[in-house]
Amino acid sequence: MRHLCLLLLFIFVISSLQAQNHGTIKGIVLDSLNSQPIPLVTVSVLSAKDSSLVSYTVTGKNGAFTLRNLREEPSRLLISHVGYRSLHLGFQFAKGGVTDLGRLLLSTKILQEVIIKGERIPILIKKDTIEFDAEAFKTRPNALVEDLLKKLPGVQVDMTGAITVNGIAVSKIKVNGKTFFANDLTIATRNLEANMVSKVQVYDDRDDDPDHIVPEYNVKKIINLKFKKKFAKGILTTIGAGGGTQDRYAAEGFLAKFQDDLQLSAKLGSDNLSNTGNFTGNYGGFSTFSFGNAGLQTTHSGNVDFTKDITKKLKLHIEYRFNNSVHQNSSNADAQQNISDTIFNTLTQSMQRTHGGEQTLHAETEFKPDSLTIIRYVPDVNYEYRSNVNSSNSTESSTYFPLLNTDFTSDHGNSNSFQYQHSLSYYHKLNKKGASITISNSLGLHPQNSFDLNVNNLVSYVAALPSDTLNRSSKNVSNDVSAVLNVAYHYPLTKKLSADIVVTGLHDQNSGNLVTYDLDPKTGLYTIFLTDQSSDLVRGLWGESINPQLTYNFTDNFSIKAGLSSIAQQIDNHFSSSISDLNQNFFYVFPSAEVHLKNTTLSYAESVQQPSINNLQPITIVYSPLYTFIGNPQLKPTYFHNINLQYQKYNYPKGLNLNGNIRLIVERNTVVNEQSISAEGANVTTPINRNGRFTAYFNGNFSKNIKKHNKWEFSFFSEIHTAVGHNFFIVNQQNGYQNTQNVIFKPGIYIEWNNLVSFEPTYHINYANTQYKLVNYPGNSFTTQGAGTAVDVSLPKNFRWRVSYDYNYDPLVAPGFQRNSNLLDFSVTKRIQKDGKGEIGLICYDIANQNVSASHYVVANTINTIQNQVLRRYALLSYTYHFNKFK
């Protein structure tokens, strides 16, 4: 931590000194015809040497701009805006000087000049679209789209591949305006080459919001990659394979075909690296990036993506995915439960093996018969299957008994499920400008089947708790059916006032039939029917709601919303033929409100959640001598009061991004499990209602891009997550409260030199505290810390070296568990063959052989420590071949 602080201080001082020696330029951009200020004009500073972007900003409403910290070297100033001729000025800034350009006049473009000029503008803002010229941002040789995106101002890409623009999440990546693997952004960013891209466009995701009803501050972003003309038609292929120590292997292939209005892409992979290896497409072969994955896993997966414009009015997108995996894990767990003056301690050793698979088909069809109508049909089909073999052996003791019992459990089971769901919508613009009606329908079908064989052998060493052996089979058949019809009407009453009304009808039918048998020791067959372990539950819900809402926009930066939700619900709960049905009727009226001012939004809403039908069962279920459940048909619905405060701002001139969100949830009639725990450790649980629980969250992130200095580039980033909770604690008729606090802070720095060397140190700290009131239980607090760094070097030519190191420390793990862990990875690759089409690589994972997957957390009055099996040190040699052919 001390070293990280010194490094931050050093960079801050250097940046301050640089700022003192750099120049500043300012001016006001006006229309040459009427001398009116022009907002959102892009002002770019380009290097006179290679036209790369040095800095940029946009003008405000008054047309003014200021650019600071400009280095002392020959530069060009480019002032551009859609519909105007660009203005070019050459400069060399003096140290510490301020250059005031005064009034700068832009004249309207002439169409012929646009055709002849063909000028290159690094950044252009067109209403709600930001367009980056890829050529203005220098990347490494053989770079991928992900490397290009990291260069763009305001764009951040984390280790998992998630992307944000000015702090707002990116929901989709499109290629030439067409959807490209809608469910996985990394397929595009880590397989497509940066040199294929001409423009990167960023705009709001309004695919499901053609009227722009959703405010801009709540809308995610879309990134569209516009290819260069020479890459408009052709094939891109990458194939890689690797083998290594401990029988480790990995293989993956990627194929993309682009042709006019057709895009066809596929990706296949197979490995037994337990998610510790990542195929990086056009460079780097296979690399490592993960820390502390639990268990050992072998995976076979594939994706196929097809997009085509059938006609000018009809578009089709289809995506198919499959995944087949085998997961094995062994774990050790320690649980300490405090009950008044008694501490129960349970040590458990477990082994799990799961074989599962999943297949998913997703399609999107959009038909625009005319300029006023949009019809969309989006079906999804999913099939899953699982088989598992699990076993565990636990030993329980207490303050007064050194050995209470031992419990052995084994479980063999398999399951499968099928799911179909679709959304069908009809949108039509009405005669009144801005008015529209949308009729939509959603349908879901979800049948599931499972079968389990469970053996539980309890050996008790206290007289009050008898030893017991259970040997049971259970079969569960369930089916969920849901249908929703929705009509939404939007009507602008005035230029500033608009009205929305949404009418919804829905029906849900959920059924579950559980049949449980005990083993007959005489016949060796599961023929003894267990009534209290079986159930036939059916819940039918009908719901109707009307939601009117008014929105008033005082200005572009100030608006208010107010609405009401009237909800009626009719619920039929069927438990079994021997238990009377529970029929319920509810009616709610919930207000909602929202105020948006500049960068800040404050909102309030109410909602309701019905208790599960399992908790409503008026029966007692004895799962084992150690655990009994008693249902409660008197449970009431839980009400939620949601308050949300959001702040987001991106400062273009300073490259500063700041986002913060505070959320408060206050509950009424919270469903809480009341527990009764005997001196022997037997637990009886009953759900009840209580009032007064609340939870508060704060999430924020901050990033700062430092302007380039010579060949150096710096950026800071950090995120913070906090949670505060006030919950109930009811054990052995003692009513109290459990107060929790959790803070996670993750700062980091990114330093790059000449697009060849990068250095990224990070640090994280997690503080957790749990205290109790009105009950005599000891509190618990702990702090875990970690640090890491990643170094990436592309020297000499055709070589790439990467080293990553991660360190984690947990001071309060139980005795016998490892407190700290070190993960050191290394990889090197070299481009070979003609045009660098081939590539060989070597990766070494967990060089120190200290990878650990451990967690320490508190739930209610129990302190838990778990350590899982993980993949340890291995080396992998890989070969990758890249091929592309474009017309």
(request) Among residues belonging to the range 849-860 that are under 22 Å from Q297 (Cβ atoms) and aliphatic (A, V, I, L, M), point out the one that is least open to solvent (accessible area, probe 1.4 Å). (result) V852
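Here's the yes/no breakdown for (1) surrounded by 17 or more Cβ atoms within 10 Å (Cβ to Cβ); (2) of a type in the set (F, W, Y); (3) over 22 Å from G836 (Cα atoms):
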| site | (1), (2), (3) |
| --- | --- |
| E216 | no, no, yes |
| N224 | yes, no, yes |
| K228 | no, no, no |
| I235 | no, no, no |
| A241 | yes, no, no |
| R248 | yes, no, yes |
| F254 | yes, yes, no |
| K257 | no, no, no |
| D271 | yes, no, yes |
(message) Given the condition of a type in the set (S, T, N, Q) and in contact with a Leu (Cβ under 8 Å, 6 or more places away or on another chain), answer yes or no: does some residue in the range 783-799 qualify?
(response) yes
(request) Considering only the range 861-887, state which residues are under 30 Å from N769 (Cα atoms), open to solvent by less than 30 Å² (accessible area, probe 1.4 Å) and not β-branched (V, I, T). (result) N861, N864
(request) Determine which member of the set G90, G60 is open to solvent by 20 Å² or more (accessible area, probe 1.4 Å), at pLDDT 75 or above and within 35 Å of the chain's Cα centre (by Cα). (result) G60
(request) Please enumerate the residues belonging to the range 455-471 that are part of a strand (DSSP E or B), in contact with a Ser or Thr (Cβ under 7 Å, 6 or more places away or on another chain) and open to solvent by 40 Å² or more (accessible area, probe 1.4 Å). (result) V455, N457, V459
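Specify the residue that is nearest to the chain's Cα centre (by Cα); the eligible residues are those in the range 683-694 that are part of a strand (DSSP E or B) and closer than 19 Å to Q610 by Cα.
That would be F694.
What number of residues within the range 111-129 are modelled with pLDDT of 75 or more and either open to solvent by 20 Å² or more (accessible area, probe 1.4 Å) or acidic (D, E) (or both)?
Residues in the range 111-129 being modelled with pLDDT of 75 or more and either open to solvent by 20 Å² or more (accessible area, probe 1.4 Å) or acidic (D, E) (or both): 5 in total.
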(request) Could you check N142 against (1) touching a residue at least 60 places away in the same chain (Cβ under 8 Å); (2) open to solvent by 20 Å² or more (accessible area, probe 1.4 Å); (3) within 20 Å of the chain's Cα centre (by Cα) and say which number it fails? (result) (3)
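Condition check ((1) in a strand (DSSP E or B); (2) aliphatic (A, V, I, L, M); (3) within 30 Å of V459 (Cβ to Cβ); (4) out of contact with any Lys or Arg (no Cβ under 6 Å at 6 or more places or on another chain)) across all residues:
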| site | (1), (2), (3), (4) |
| --- | --- |
| S331 | yes, no, yes, yes |
| G356 | yes, no, no, no |
| H362 | yes, no, no, yes |
| S391 | yes, no, yes, yes |
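Residue check: is V793 under 30 Å from the mean Cα position of the chain (by Cα) and at negative phi?
Values: under 30 Å from the mean Cα position of the chain (by Cα): yes; at negative phi: yes.
In short, yes.
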(request) Select from the range 722-738 the residues that are open to solvent by less than 50 Å² (accessible area, probe 1.4 Å) and either touching a Lys or Arg at 6+ places or on another chain (Cβ under 7 Å) or closer than 16 Å to Q785 by Cα (or both) and list them in ascending order. (result) T722, H726, N727, F728, G736
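Here is a yes/no grid of residues against (1) farther than 30 Å from I437 by Cα; (2) under 38 Å from the mean Cα position of the chain (by Cα):
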| residue | (1), (2) |
| --- | --- |
| P466 | yes, no |
| N471 | yes, no |
| A488 | no, yes |
| P492 | no, yes |
| N510 | yes, yes |
(request) Please report, ordered by residue number, the strands (runs of 3 or more DSSP E) entirely within the range 477-563 with at least 1 residues that are open to solvent by 40 Å² or more (accessible area, probe 1.4 Å), free of Cβ contacts under 8 Å to residues at least 12 places away in the same chain and not hydroxyl-bearing (S, T, Y). (result) 525-529
(request) Residues being buried (at least 17 other Cβ atoms within 10 Å of the Cβ) and on the phi > 0 side of the Ramachandran plot: count how many of those fall in the range 28-39. (result) 0
(request) Out of the residues in the range 188-221 that are of a type in the set (A, V, I, L, M) and under 30 Å from I239 (Cα atoms), state the one that is nearest to the chain's Cα centre (by Cα). (result) A188
(request) Check every one of the strands (runs of 3 or more DSSP E) wholly within the range 608-682 and list those with 1 or more residues that are under 30 Å from L40 (Cα atoms) and open to solvent by less than 40 Å² (accessible area, probe 1.4 Å). (result) 638-651, 656-668
(message) Yes or no: the range 34-51 includes at least one residue that is in contact with a helix residue (DSSP H, G or I) (Cβ under 6 Å, 6 or more places away or on another chain) and either small (G, A, S) or within 14 Å of G655 (Cα to Cα) (or both).
(response) no
(request) For the range 580-591, enumerate the residues that are open to solvent by 40 Å² or more (accessible area, probe 1.4 Å) and touching a residue at least 12 places away in the same chain (Cβ under 8 Å). (result) L582, N583, N585, F586, F587, V589, P591
(message) Let me confirm something: among S394, S425, S350, S410, which residue is polar (S, T, N, Q), over 26 Å from H856 (Cα atoms) and open to solvent by less than 40 Å² (accessible area, probe 1.4 Å)?
(response) S425
(request) Sort out which residues of the range 156-175 are in contact with a Gly (Cβ under 9 Å, 6 or more places away or on another chain), at pLDDT 85 or above and assigned to a loop (DSSP other than H, G, I, E, B), and write them in order of number. (result) none
(message) Filter the range 246-273 down to the residues that are among the polar types (S, T, N, Q) and at pLDDT below 90 and list them by number.
(response) Q259
(request) State whether the residues of the range 697-708 include one that is open to solvent by less than 60 Å² (accessible area, probe 1.4 Å), part of a loop (DSSP other than H, G, I, E, B) and not polar (S, T, N, Q). (result) no
(request) Could you list, in sequence order, all residues of the range 148-166 that are of a type outside the set (S, T, N, Q) and either crowded, with 19+ Cβ neighbours inside 10 Å or within 15 Å of V54 (Cα to Cα) (or both)? (result) L148, L149, K150, K151, L152, P153, G154, V155, V157, I163, V165
(request) Of the numbered conditions (1) under 28 Å from L602 (Cα atoms); (2) part of a strand (DSSP E or B); (3) more than 24 Å from the chain's Cα centre (by Cα), F728 fails exactly one; give the number of that condition. (result) (1)
(request) Scan the range 60-76 and give yes if some residue there is free of Cβ contacts under 8 Å to residues at least 40 places away in the same chain, among the hydrophobic types (A, V, I, L, M, F, W, C), under 22 Å from D128 (Cα atoms) and part of a strand (DSSP E or B), otherwise no. (result) yes
(request) Would you tally the residues in the range 848-882 being touching a residue at least 24 places away in the same chain (Cβ under 8 Å), aliphatic (A, V, I, L, M), farther than 30 Å from I239 by Cβ and in a strand (DSSP E or B)? (result) 4
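The values are calculated or read from the model by the stated rules, or taken from the named source; none is laboratory data. Fair warning: this is a prediction, and the values are worked out from it, not measured in the lab. Cβ coordinates were reconstructed from backbone atoms using ideal geometry, including for glycine residues, and neighbour counts include every protein chain displayed. With ligands, DNA and RNA removed, areas are computed over all heavy atoms of the protein, side chains included. Shrake-Rupley method; radii C 1.70, N 1.55, O 1.52, S 1.80 Å.
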